[in-house]
Amino acid sequence: MRHTWVPQLAGALAGLANGLFGGGGGMVWVPLLSRFGHLPPQKLYATCVGVIFPVCLVSAAVYLCKTDFSFLAALPYLLGGAAGGLIGGKLYRRVNPKWMKRLFAAFLIYAGVKYLI
């Protein structure tokens, strides 16, 4: 018997992490969708982005309503992020899924080390 509440609970925890840390939920979503979504790697990453987007919108709305926000400070990152997202989306199908996993793991390790230092 498959428990439908497990992915829902996992999603709630990933959303909580996204809200607490102001993003970064993708580091939680990829392993969760990999475990519970039973998706091949290329669909996994696309689905992860599809899940992250509305969750980030909710988190962003809460942050914008409850805290100070500097659009001018965020603008260069938004522009660069949009450009990187466009390029990454176009290259997405050309990257071997095995290397996508390795790149993602390397990013997680790098980010984890930077948070500790």
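So, in the stretch 39-62, how many residues would count as being open to solvent by 100 Å² or more (accessible area, probe 1.4 Å) and of a type outside the set (A, V, I, L, M, F, W, C)?
Of the residues in that region, 1 qualify.
Taking the condition open to solvent by 70 Å² or more (accessible area, probe 1.4 Å), more than 16 Å from A46 (Cα to Cα) and among the charged types (D, E, K, R), does R102 pass?
Criteria met by R102.
When the residues of the stretch 19-32 are filtered to those that are part of a loop (DSSP other than H, G, I, E, B) and open to solvent by less than 50 Å² (accessible area, probe 1.4 Å), which remaining residue is farthest from A82 (Cα to Cα)? Steps first, answer last, please.
Just the residues of the stretch 19-32 that are part of a loop (DSSP other than H, G, I, E, B), to begin with: 22-25.
Subsequent filtering for residues that are open to solvent by less than 50 Å² (accessible area, probe 1.4 Å) retains 23-25.
Values: G23: 15, G24: 16, G25: 18 Å.
Only one residue fits best here, namely G25.
Would you check which residues across the stretch 63-72 are surrounded by fewer than 11 Cβ atoms within 10 Å (Cβ to Cβ) and in a helix (DSSP H, G or I) and list them?
C65, K66, F71, L72
Any residue at all in the stretch 78-97 that's surrounded by 11 or more Cβ atoms within 10 Å (Cβ to Cβ), in contact (Cβ under 8 Å) with a residue 24 or more places away in the chain and of a type outside the set (A, V, I, L, M)?
Yes, some residue in the stretch 78-97 is surrounded by 11 or more Cβ atoms within 10 Å (Cβ to Cβ), in contact (Cβ under 8 Å) with a residue 24 or more places away in the chain and of a type outside the set (A, V, I, L, M).
Please verify whether R35 is part of a loop (DSSP other than H, G, I, E, B) and either more than 19 Å from G81 (Cβ to Cβ) or at pLDDT below 80 (or both), treating the condition exactly as stated.
Details: part of a loop (DSSP other than H, G, I, E, B): no; either more than 19 Å from G81 (Cβ to Cβ) or at pLDDT below 80 (or both): yes.
So R35 fails the test.
The values are calculated or read from the model by the stated rules, or taken from the named source; none is laboratory data. A quick note: this is a predicted structure, and the numbers were derived from the prediction, not measured. We place every Cβ from the backbone using ideal geometry, glycine too, and count neighbours over all the protein chains shown. These accessible areas exclude ligands, DNA and RNA; they are computed on the full protein's heavy atoms, side chains included. Shrake-Rupley method; radii C 1.70, N 1.55, O 1.52, S 1.80 Å.
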